[in-house]
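Values quoted throughout were computed directly from the atomic coordinates according to the rules given, and no laboratory measurement underlies them. In this text the structure is predicted, and so the values were computed from the model without any measurement. Methodologically, a virtual Cβ is constructed for each residue, glycine included, from the backbone with ideal geometry; neighbour enumeration extends over all protein chains shown.
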Amino acid sequence: MNATVIMWILIVVFTISYTIHLNFEKESKILRLDKKLSDRVGHLKIMMDRFILESYKKSENRK
């Protein structure tokens, strides 16, 4: 085989593997961001539930 053909094959293989690596890295970042957002939403829901419960208790005490 010619040396330039081998060089081009190596460049193509490296480029494809690097592109696949970048896609996996991007997906893992998206998944981590999604987990952070769901944790925050869960935290907000807990805080809202506490607020509703406290206001309900206050209204019960007034009666």
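Structure notes:
- Point-charge dipole on Cβ atoms (K/R +1, D/E -1) for the stretch 1-62, about Cα centre, debye to 20: 400 debye
- In the chain, helices alone account for a calculated mean residue ellipticity at 222 nm of -36000 deg cm²/dmol, with every DSSP H run of four or more residues adding -39,500 (n - 2.57).
- Counted residue by residue at 0.36 nm each, then reduced by the alpha carbon distance between them, the extension gain from N2 to T15 reaches 2.7 nm.
- Rounded D (µm²/s) - the chain, Kirkwood Rh over Cα pairs, Stokes-Einstein at 20 °C, 1.002 mPa s: 130 µm²/s
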